[in-house]
2 protein chains.
Amino acid sequence: MRAALAQINPTVGDIDGNAAKVATWIEQAAAAGAELVVFPELCIPGYPAEDLYLKRHFNEAGARAVRELATVARGVEVLVGFSEPAAVGDHRHAHNSLAHLAAGEVVGVYRKNRLPNYGVFDEQRYFVPGADPATVDVGGTRVGLTICEDCWVEGPPASEEVAAGATLIANPSGSPYHRGKGREREQMFGALARSYGAHFAFCNLVGGQDELVFDGQSFVLDPEGAPLARAAQFEEELLVCEIPGAPGRIAEPFPDLAEVYGALVLGLRDYVAKNGFAHVGIALSGGIDSALVAQLAVDALGPERVTCVVMPSPHSSDETQGDARTIAANLGVEAMEIEIGPTMDEYDRAITAASGQNAEGLAAENIQARIRGNLMMALSNAHGWLILTTGNKSEMSVGYATLYGDMAGGFAAIKDVPKTLVYELVAHRNAVAGRELVPATVIERPPSAELRPDQRDSDSLPPYDLLDRVLEAYVERDQGREEMIAAGMPAETVDEVVRMVDHSEYKRRQAAPGVRITPRAFGRDRRLPITNRFGE
Amino acid sequence: MRAALAQINPTVGDIDGNAAKVATWIEQAAAAGAELVVFPELCIPGYPAEDLYLKRHFNEAGARAVRELATVARGVEVLVGFSEPAAVGDHRHAHNSLAHLAAGEVVGVYRKNRLPNYGVFDEQRYFVPGADPATVDVGGTRVGLTICEDCWVEGPPASEEVAAGATLIANPSGSPYHRGKGREREQMFGALARSYGAHFAFCNLVGGQDELVFDGQSFVLDPEGAPLARAAQFEEELLVCEIPGAPGRIAEPFPDLAEVYGALVLGLRDYVAKNGFAHVGIALSGGIDSALVAQLAVDALGPERVTCVVMPSPHSSDETQGDARTIAANLGVEAMEIEIGPTMDEYDRAITAASGQNAEGLAAENIQARIRGNLMMALSNAHGWLILTTGNKSEMSVGYATLYGDMAGGFAAIKDVPKTLVYELVAHRNAVAGRELVPATVIERPPSAELRPDQRDSDSLPPYDLLDRVLEAYVERDQGREEMIAAGMPAETVDEVVRMVDHSEYKRRQAAPGVRITPRAFGRDRRLPITNRFGE
């Protein structure tokens, strides 16, 4: 059988637009001679549409769109994901379903059996599970139907479908990216293929949705677990494959850093596009974080859609300000300059008049950051820009950022990128360019927030390589104090980092969303109370 | 049997502190001659502890605390809630359990059967459900064990426990407040009591935890559904009751507005106390919203722990500024004054120098709000204050607030209070005081943000009574466009409000937490994507 996997990029809530896109891709699949075309999980309503799935009229609109699609689907059978209205007496109103379209009709529906409810997934909040396996016969091949999580645990429905004669298991998915996820998936599905002696066709979404990036990288594996076909990462693609057959189009995955960089670019590009922004603004400090954000923005949007704003204070060094201008020039983006010294003085005057004393220490430092935040937002209001914040994951973890200051903005492009990885990504991008887009001085200079004279990040934080090791253990792997110390991390550092992470929860709760690239980001996948006296 | 319900206020994560509190209340119950004392759901780890329940060492620490409690529990049998470590192969590591302590030992454990996974509840994310009912015999009475949701649907485990001879069903709960929830609970449990012919003992948490308030109001119902005992709202109480027996202590619930006001006070007081703040700051505008927040803060903390800051701009009227000073004086709180006009001028100068044009319109309005936000945060940084934001639910719904401006702060005291209810609560508090704590002029003046000359809320928004009606339908009841129009709401208003609500999701995502008093707040119970093209 000739099958096609339609690795598409739908938009959450855009039922009409998504259905129109599906119709176009059905035509393309038919034109390519496919007998069956498989679309990703929930691609009609978009995924994850979160509490939209709780609206009855939302699910009904999707079901109508699927019925209309059936009437235009010609020359190829179709499996397309939608949120199917469900009549139950509790809080849920939908199944996570797959419609089988053939000969102008919806000829069958498969309902996802296994609903993940961990990590970023809340599917037991939204969906009523199906209980039955399902197979369809297309061009002499019996195809077993599953959706995403259904295949992440051995057993039904896939095992029953194989027992019923299926030689190919179709697995439309919405499988979000994290670093290295593609390999994990192929290994897992490879083991399944060998275990069941069946072909597996995994068709993933591609695109960004708020904090999640779907990386595509759909594939077909043969019963030995070897790839017959693999689609590109981070791009739409119609992957056509003879099943069974000889290996065909097999896209090579990106190397590690290029993959992470690609995920960040796609997540940013789609947030900007799907929310209708024409332009972004970035406060460029001359440090490494805002340099990476500027690189990403230019790669995502093109230089003409990016403005960098340099806002020196009396604590800014000539070196960092010069580097900021160099970065903007190297990237070919407009750079604005706004001196904030006189505004700082005016705050001082107002506070002294009101309270009899000057702002000092942390208060004075944060005033500077918040003046910059205010200016960036004024530019946003005046020109309709989306402001990109520049905090990395290490800073967001320990709260080394100013709420309403450098945290002011609509999208946090590198929120899930640990500081040590920020350096690697900048070096990677320089290497791809074959020149120092970001000057070596930016990479080599000890990091500083430049909010007081001679400030260094290392005044307040452990060295970043150690910090990132503790953070990975504490945040991503939920290790406790004793476990981290037993693993060789210094007790004093562990206690300090745990305290800082826990104490910063209130800041993260008010942070802009940003692209998730690790197995656990500060988003839907980590839900901790602000009020919390547990400190281990 | 003499039973005691220990309606206590634990703190999330404070396992040792909570266990020590439980030990004290066990002693009090024994001293009161109780044969059985029942504690609320999950009161050892605190509730909801969210992803803390995913940490193995957190659950193990709680289990240790329960074993230690058993050794000190003397003279009375105890039912106490904890997150019991569970050995399963998936993402969950705990049961939501009830330990039965007697004669110095943990003699049994009941595991919650029904795990709610809707609204604010994510229990299928955290807990492995139990499958079995359980009864314990105490002083000749057979007691059926359940936990919260177990009783919110008829059937097992309660039905099986009654069939096994239980004449009393114990229901330790963590049942969060919304307006009128107490009546709903007693009606629901009353129907169950009549249906099963059994007594029911509902023991609730009391206290605030981030956005949730637990209102207490524990009760015992007889088999006719009539109360034998009822504890106070919003306070800790040991409720002692003979079962069966004659009605004893039956606290009268507060009237509607007093109840909502009490919930807001408790939620604010506990957020401040449990997060260790000594003092709060409020930007007082002379409008009705900040007036209510100041009233609440004084009632929650006392006037000496509150500072109001009045920050006039050239657009502030003498009337509002005078009213702000009057409110502060009437409440007996310190009032600071900071003129922001010169700082506004300095921003103008900086922006004009950089871009060749002055900030105008929305940009200029927001600069003012953000100067105030910056000043409040400088005071917070300098003095360790928690800043209370003053936005109401109507404004938060439609985004009529300035991100990083009036939205800057740590706790949003009236975030879930619709504007129409703000007026009612201020009038209620004035009535209780028997004088105009908040002057009538504040209540009568048309609402204005005072960010430009002669601005009125009604320039940008529908009248608040209509707005609040549409919001209640759209936000709290998930009604669609057609349904709202069919219910008589003007199509133009419906479309405008839906657009504003959807478009403001990005703002709400960066808002401070605040007390939930309606069936659906902008918190864990409403999870909508920012990127969302569905507009109905």
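Every number in this text was worked out from the coordinates using simple rules, so none of it is lab data. Values in this document were obtained by computation on a predicted structure and should not be read as measured data. Because the Cβ atoms are built from the backbone with ideal geometry, glycine has one as well, and the counts that use them run over all protein chains shown.
Computed from the Kirkwood radius of its Cα pairs, the Stokes-Einstein diffusion coefficient for region B:59-189 at 37 °C and 0.692 mPa s stands at 210 µm²/s.
Mean per-residue shielding of peptide B:377-386 is 5, counting Cβ atoms of other chains within 10 Å of each Cβ. Computed from the C-beta positions of A:Gln357 and B:Asp318, the FRET efficiency with R₀ = 25 Å rounds to 0.30.
The mean count of C-beta atoms from other chains within 10 Å of the C-beta of residues in B:37-49, rounded to a whole number, is 1.
Couplings for region A:256-265, taken from phi via the Karplus curve 6.51 cos²θ - 1.76 cosθ + 1.60 with θ = phi - 60°, read 2, 5, 5, 5, 4, 4, x, 5, 5, 5 Hz in order; Gly and Pro are left as x.
For region A:219-231, the Karplus equation 6.51 cos²θ - 1.76 cosθ + 1.60, evaluated at θ = phi - 60°, returns couplings of 7, 10, 10, 8, x, 8, x, 8, x, 9, 7, 8, 8 Hz by residue, with Gly and Pro reported as x. On the beta carbon distance between B:Asp256 and B:Ala163, with R0 = 30 Å, the FRET formula returns roughly 0.15.
Rounded, prolate or oblate: which fits region B:295-400 when a ≥ b ≥ c are the square roots of the eigenvalues of the alpha-carbon gyration tensor, with rounded for a/c under 1.5 and prolate only if a/b beats b/c? It comes out prolate by the Cα gyration axes. Across all directions, the average projected area of the convex hull around the alpha carbons of the protein assembly as shown is 42.0 nm².
Sequence-distant contacts, meaning Cα pairs under 8 Å at least 6 residues apart, place the relative contact order of region A:2-252 at 18 percent. With the convex hull of the Cα atoms taken as the outline of region A:378-495, the averaged projected area works out to 9.6 nm². Reported to the nearest whole Å, the Cα centre-to-centre distance from region B:100-148 to region A:326-395 is 54.
Mean partner shielding of peptide A:517-526, defined as the number of other chain Cβ atoms within 10 Å of each residue Cβ, is 1. Tell me, what is the percent relative contact order of region B:260-457, built from C-alpha pairs under 8 Å that lie six or more residues apart? Result for region B:260-457 is 24 percent. Averaging the Cα positions of each part gives two centres, and for region A:502-517 and region B:457-488 these lie 32 Å apart.
Compared with the dominant Cα axis of chain A, that is its longest principal axis, helix A:318-331 is turned about 30°.
What FRET efficiency would be calculated for the residue pair A:Ala31, B:Arg527, taking the C-beta separation as r and a Förster radius of 51 Å, to the nearest 0.05? About 0.80, to the nearest 0.05. State whether chain A is rounded, prolate or oblate according to the following rule on the C-alpha gyration tensor (a ≥ b ≥ c being the square roots of its eigenvalues): a/c under 1.5 gives rounded; otherwise a/b larger than b/c gives prolate, and the remaining case gives oblate. Prolate shape, in that a/c is at least 1.5 and a/b is the bigger ratio.
To the nearest 10 degrees, how steeply does helix B:56-72 sit against the main Cα axis of chain B, on a 0 to 90 scale? Result, in degrees: 50. Take every DSSP beta bridge whose two residues both sit in the protein assembly as shown; close to 55 percent of them are antiparallel.
Testing the spin-label approximation: label points 7 Å from Cα along Cα→Cβ at A:Glu224 and B:Ala433. State their distance in nm. So the two model labels end up 8.3 nm from each other. The tail of the calculated P(r) for region A:262-321, taken as Cα-Cα distances beyond 17 Å, holds 42 percent of the pairs. Would you mind classifying region A:2-252 by shape? Square roots of the alpha carbon gyration tensor eigenvalues, ordered a ≥ b ≥ c; an a/c under 1.5 is rounded, otherwise it is prolate if a/b is larger than b/c and oblate if not. Cα axes put region A:2-252 in the rounded bin. The residue among B:His95, B:Ser355, A:Thr402 whose Cα reaches farthest toward the positive pole of the charge dipole of the protein assembly as shown, with charges on the beta-carbon of Lys, Arg, Asp and Glu, is B:His95. Angle of helix A:419-433 to the longest C-alpha principal axis of chain A, folded into 0 to 90 degrees and rounded to 10: 80°. Which number do you get for Rg(Cα) / (2.2 N^0.38 Å) in region B:260-457? The value comes to 1.00.
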